[in-house]
Amino acid sequence: MNGIFAAIFFASLLLFFSEPDGFLSAMLSGAEKAATLSLSLLAAYCVWLGFFCVLERCGAQRALSRAFYPVARRLFRTEDREAVFLASGNLSANLLGLPGAPTPLGVRATRRFLAAGNRYGADMLFVLNATSLQLLPATAIALRLAAGSASPSDIFLPTLLSTLLSSLLGGLLVFATRKR
């Protein structure tokens, strides 16, 4: 990987010395696009993280966790309500298509699963987090909107179907390969 980055760096230096005006304008244009994209993603993340904060403070996230508990208890094979709460918060953030938001919840849930000796629960959470079933691909829609897509939400159905299939297949593989 270092070799690849070194090659890109030296190719950039060649471009700089051969055509400095084009190089500098391309660099500034790229920086402008990166800043615009970062700000639009920041806005989308702020909205959804604020939404999760409101859900948590009004108690709706606990209520959703209680509703999800019978299914999650079987899915993760645990009676630990706190681990189920953390895992369900992680999965609900993934359902909304926020890849960075659920990480702290997933780490804490995995720690609780492993502390209780529940390797299966930790593995299942990891696979479901990696396959990331998305009902609303908010980040992908925000990226398409920032890139100027005419219809950024066209990816809704393909994303839903592909993530549903990958989550089902991943969950079935964890179940099939569990230690008996």
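Overview of values
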read-out: Of the criteria (1) surrounded by 13 or more Cβ atoms within 10 Å (Cβ to Cβ); (2) touching a residue at least 40 places away in the same chain (Cβ under 8 Å), which one Ala83 fails; value: (2)
read-out: Residue list for the range 124-154, restricted to those being modelled with pLDDT of 85 or more, part of a helix (DSSP H, G or I) and surrounded by fewer than 17 Cβ atoms within 10 Å (Cβ to Cβ); value: Phe126, Ala130, Ser153, Asp154
read-out: Residue among Phe17, Phe23 that is over 19 Å from the mean Cα position of the chain (by Cα), under 27 Å from Ala147 (Cα atoms) and free of Cβ contacts under 8 Å to residues at least 24 places away in the same chain; value: Phe23
read-out: Tabulated pairs, the range 113-124, first polar (S, T, N, Q), second surrounded by fewer than 17 Cβ atoms within 10 Å (Cβ to Cβ), C-beta under 7 angstrom, 6+ apart or interchain; value: Asn118/Arg77
read-out: Restricting the range 88-123 to residues that are over 20 Å from Val47 (Cβ atoms) and modelled with pLDDT under 90, the residue that is surrounded by the fewest Cβ atoms within 10 Å (Cβ to Cβ); value: Gly106
read-out: Any hit, the range 150-158, residues being within 13 Å of the chain's Cα centre (by Cα) and among the hydroxyl-bearing types (Ser, Thr, Tyr); value: no
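This table checks each residue for (1) surrounded by 11 or more Cβ atoms within 10 Å (Cβ to Cβ); (2) over 30 Å from Tyr120 (Cα atoms); (3) modelled with pLDDT of 85 or more.
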| residue | (1), (2), (3) |
| --- | --- |
| Phe17 | no, yes, no |
| Ala34 | no, yes, yes |
| Leu37 | yes, yes, no |
| Ala43 | yes, yes, no |
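The values are calculated or read from the model by the stated rules, or taken from the named source; none is laboratory data. If you're wondering where the values come from, they're calculated on a predicted model, not measured in any experiment. Please note: Cβ atoms are built from the backbone with ideal geometry, for glycine as well, and neighbour counts cover all protein chains shown.
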